[in-house]
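What follows is calculated from the coordinates using simple rules that are stated; it is not laboratory data. Predicted model only: the values in this text are computed from it and were never measured. When we count neighbours, we look across all protein chains shown, and the Cβ atoms used for this are built from the backbone with ideal geometry, even at glycine.
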Amino acid sequence: MDMLAAIKAEPFFEGIPEKELALLADCGEAGTFPTGAWLLRQHAPAKHFYLLTGGLVELKAFVPQRGVVTLETLGVHEPLGWSWLVPPYQWHYDARTLEPTTALVFDAVRLRHEMEADHEFGFQLQRRVIDIMAQRLQAIRMQSLDVYGLPGGAFL
Amino acid sequence: MSAPASQPLDPMIPRQFRIEEAFAEVGSGEVYSWRLSPLDGEPLRFAPGQFNMLYQFGIGEVPISISGDAEAAGLVHTLRAVGGVTKAMQKLEAGEVIGVRGPFGTAWPVAEAEGQDLVLVAGGIGLAPLRPAVYCALRHRDRFNRVFLLYGTRQPEDILFREELEHWRAQLDLDVYVTVDRGGPGWHGNVGVVTKLIARGGFDPANTVAMACGPEVMMRFAVMALQKHGVAAERIYVSMERNMKCAIGYCGHCQYGPHFICKDGPVFRFDTLQPIFDVREL
Ligand SMILES: Cc1cc2nc3c(=O)[nH]c(=O)nc-3n(C[C@H](O)[C@H](O)[C@H](O)COP(=O)(O)OP(=O)(O)OC[C@H]3O[C@@H](n4cnc5c(N)ncnc54)[C@H](O)[C@@H]3O)c2cc1C
Ligand code: FES
């Protein structure tokens, strides 16, 4: 697979200069995962950054006395997790594929190193991750509003 | 495309319709549907997106969108039991008679999407007013490029028209994506808000007509996501709700800024609402 072309096709990387794209291509490879594959494990070191190019992945949390709860699902064009960018670089949740899934898989340790060495590159990536984080935060707020509940809420 | 809407002779006088069939759509009937037919006179013709005023004699009258196929026989409404009238109506059975005034209001401009992608975004009970647009697009499928139905609701048990959604999904010419805010054991589909389905794209924003229906907060986020994805405000339509009385622009109950939702809406092109959408005082 032409990694550079695959990266250029992803909206997440839109606007990143050619030089940085080449660097990204050098840090990543294409991955395919069957249904039921664990991509992230809670507390495990965050060694990879996954950008999904197809399929569906569920993000799961273990809640004592409730068991495992699906927090959200992620699909095409979506990055999976950001703990690879934030110390202590450990996954907070589990992630498992719900269907055959494809992703661009980047070496997170190397990416962190490159981001530290070249702040322009670091800024380009961080800006995109912050945008995704803001979108997720908004989504969580919308979920917490329980917009499909009865008008007037639980007191009705 | 769909039959032109018929206007009642006197829009304030309800016609009598018999409930031919009453059935639960969700749970034990928190959301329910009726198939209605007139006691006499012509069947009621409507365009997708329009609504009727349904009157339970002696109880009250409520505006309810038509949820059935504009090009098929029978009038179908889908109601959520939320308060005085809709909870009383929930107890009505097949054979009983109600009053119907309508159809009223503006329609989903399905024909405008011909030759382009059509993206329908529904939340919760909002799938009911959008369903006639789905039927219309399916009947004339060859006139559109890709057709998407993105549907979000609270939890798997609340999914409306579930069998029909599965049937549509199996048809390869309609892209159906369903998501729930809260998954549960046995649910292997999408979890998350419906706006995330918009972000996954697949449609050409410059050649897309989008229609959204659901709780106002959900529509706000849906419109934001569509715009972020490159769909212009003039290409987005939303269906608004306010309390109504006359439904013909006389009483002012449904006033929303400079608009009367009963006659200027309920379906609005988003750019006409943009300055007042989400203004708290309205
Ligand atoms: C154009 C239009 C189309 C509609 N289509 C449908 C439909 O297809 N199916 C359906 O189930 N409902 C639909 N509604 C909403 C429906 O009209 C209301 O749920 C109904 O009027 C509530 O009446 P009630 O006497 O049962 O409840 P009430 O006792 O009047 O109210 C119960 C609760 O519902 C809230 N409420 C009342 N009216 C509305 C409203 N219009 N929008 C939001 N909350 C409201 C009240 O604030 C209160 O909290 C539509 C509304 C409009 C304006
Ligand atoms: S309901 Fe009377 S003006 Fe709209």
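Please work out the Kirkwood hydrodynamic radius for the protein assembly as shown, using every pair of different C-alpha atoms, and report it in angstroms with one decimal place.
Every distinct Cα pair counted, the radius reaches 23.5 Å.
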| Can you give the % of DSSP beta bridges in the protein assembly as shown that are antiparallel, to the nearest 5? | 75 percent
| remark: Simple spin-label estimate for B:Asn207/B:Ala24, 7 Å along Cα→Cβ, in nm, reads 4.6 nm
| said: Quick check: pseudo-label points 7 Å beyond the Cα along Cα→Cβ at B:Asp278 and B:His140, how many nm apart are they? | reply: 3.2 nm
| task | For region B:204-282, state which trypsin sites (Lys or Arg not before Pro) are in a DSSP loop and have at most 15 other beta carbons lying within 10 Å of their beta carbon. | result | B:Lys245, B:Arg280
| What residues qualify as long-range amide H neighbours of B:Glu25, i.e. H under 5 Å apart, gap of 5 or more or another chain, H built at 1.01 Å from N? | B:Val31, B:Tyr32, B:Ser33
| remark: For region A:59-73, in residue order, the Karplus 3J(HN,Hα) values (coefficients 6.51, -1.76, 1.60; θ = phi - 60°; whole Hz; Gly and Pro = x) are 9, 10, 10, 8, 10, x, 6, 10, x, 8, 10, 7, 7, 6, 10
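Consider all pairwise Cα distances in region B:110-239 and report the whole-number % of them above 27 Å. Don't skip to the answer; put the middle values down first.
Working: 892 of 8385 pairs.
That fraction is 11 percent.
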| What is the percent of Cα-Cα separations in region B:15-104 that go past 21 Å? | 20 percent
| said: Ratio of alpha-carbon Rg to the 2.2 N^0.38 Å globular estimate for region B:45-85, to two decimals, please. | reply: 1.24
| remark: Residues whose built amide H sits under 5 Å from the amide H of A:Glu99, excluding neighbours closer than 5 in sequence, are A:Gly36, A:Leu56
| query | Could you give P(r) for chain B, binned at 10 Å from zero, as whole percent values over all Cα-Cα pairs? | reply | 7, 30, 37, 22, 4, 0
| query | What residues qualify as long-range amide H neighbours of B:Arg45, i.e. H under 5 Å apart, gap of 5 or more or another chain, H built at 1.01 Å from N? | reply | B:Ser6
| Label-point separation, B:Gln16 to B:Ala232 (7 Å along Cα→Cβ), nm | 5.2 nm
| request: Taking just the C-alpha trace of region B:91-174, give me its Rg and Dmax in Å. | output: 15.2, 44
| message | I want to verify a result. In a Gaussian network model of chain B, Cα cutoff 10 Å, which of these has the top mean-square fluctuation: B:His188, B:His259, B:His167? | response | B:His188
| task | Find the relative contact order for region A:3-146 and round it to a whole percent, using C-alpha pairs within less than 8 Å whose residues are 6+ positions apart. | result | 29 percent
| message | Show me, for region B:249-257, the HN-Hα J-couplings you get by feeding each phi into the Karplus relation (A = 6.51, B = -1.76, C = 1.60, θ = phi - 60°), rounded to Hz, glycine and proline as x. | response | x, 9, 8, x, 4, 9, 4, 9, x
| request: Tabulate in residue order the Karplus-calculated ³J(HN,Hα) for region B:161-174, using 6.51 cos²θ - 1.76 cosθ + 1.60 with θ = phi - 60°, rounded to whole Hz; enter x for Gly and Pro. | output: 6, 4, 4, 5, 4, 5, 5, 5, 5, 6, 6, 6, 9, 9
